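Since the structure comes first, as structure tokens, the remarks are kept for the end.
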Amino acid sequence: MTSHHILATVDLLHPDTRPLAAASQLARRHRAAITTLAVLEPISALFGGLDTIREADFEAAMLSNAREELEALCRKVKAPVDSARIELGQKSATIAAAARRLKADLIVVGAHGFQGFEYFLGTTATGVLHAAHCNVLGVRSDRSGDYQCLLAALDAESSSVDVLREARALAPGAQLHAIHVMKPLLAGYSSAIADLNQELPVDTIESRLRGELDERLQQLIRQADVGEVTVHIRQGTPSKEIKRLQIQIDADLAVMGSGQPAGSGWLIGSTTQNVLHGCNCDALIVRTG
């Protein structure tokens, strides 16, 4: 789905132009509207009840300064200033509510620092992921917005069609790779399978399962109609194999599903967080539920 309205979030405590620059670039490419949002905690939540703080005066000054900072960031990356806004509230809930109110179909959040996806994995973005009705793009790379190589993590369910389509829509000209990670049969299933297939060794069974998986993934790719896709079927721990392949192919965007239905919900848990912690690229979390 091509984006029509992008909500770019800015963390004024950790100013970083990359998320806003990526959102602006995507908005121009898709001819989408863009709203820039900075959310501030209400002064009452920080200093409420203290006599030395005159809440109304302090809050007015805080909003004025924040507005100047936000407009300066917008001008720096040539993002529209007139659609920039400041809101007070709990960050993740306010961002999710704003996205619904604006009918945004993509939320862009950032990762400050260089030690991993600390901001994305923190309470704000985790809350956004769970509360958002739309896709969420986490930005940490200088190549953001101009993606050349995509890595889509797929399961064997129909929700993977949405993941593929959203990946292709975001970067129509990029190379597209897909990965599915099999768990080794020796991790608990080998004895039961051996009892049912006494004439077949475990490696033969694994080979047949790999063939069936490849056929299923090719079927999903044809259904998605996204052009050429290079398929990788790996065996092991999903997060480790996804991160390993991301480095090998130098993917600049990882794409994963976060819906609630069975078969896609696993990606909202530890696998997604581990991938985001280790991948040196941006991540698009697709709402498939």
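The values are calculated or read from the model by the stated rules, or taken from the named source; none is laboratory data. These numbers come from a predicted model, not from an experiment. No Cβ is skipped: glycine too gets one built from the backbone with ideal geometry, and neighbour counts run over all protein chains shown.
For this structure, a couple of remarks:
- Candidate set from the stretch 1-28 (those that are out of contact with any helix residue (DSSP H, G or I) (no Cβ under 9 Å at 6 or more places or on another chain) and without any contact (Cβ under 8 Å) to a residue 60 or more places away in the chain); member that is surrounded by the most Cβ atoms within 10 Å (Cβ to Cβ): A27
- Scanning the stretch 5-28 for residues that are out of contact with any strand residue (DSSP E or B) (no Cβ under 7 Å at 6 or more places or on another chain) and more than 20 Å from R140 (Cβ to Cβ) yields a total of 1.
- Subset of the stretch 221-259 (residues that are part of a strand (DSSP E or B) and modelled with pLDDT under 90): Q235, M256, G257
- Long-range neighbours under 7 Å by Cβ, at least six apart or interchain, first residue in the same structural domain as R28 (by TED's automatic domain parsing) within the stretch 71-100, second of a type in the set (K, R): V81/R75; I86/R67
- Residue check for R165: loosely packed, with under 15 Cβ neighbours inside 10 Å and either at pLDDT 95 or above or among the aromatic types (F, W, Y) (or both): no
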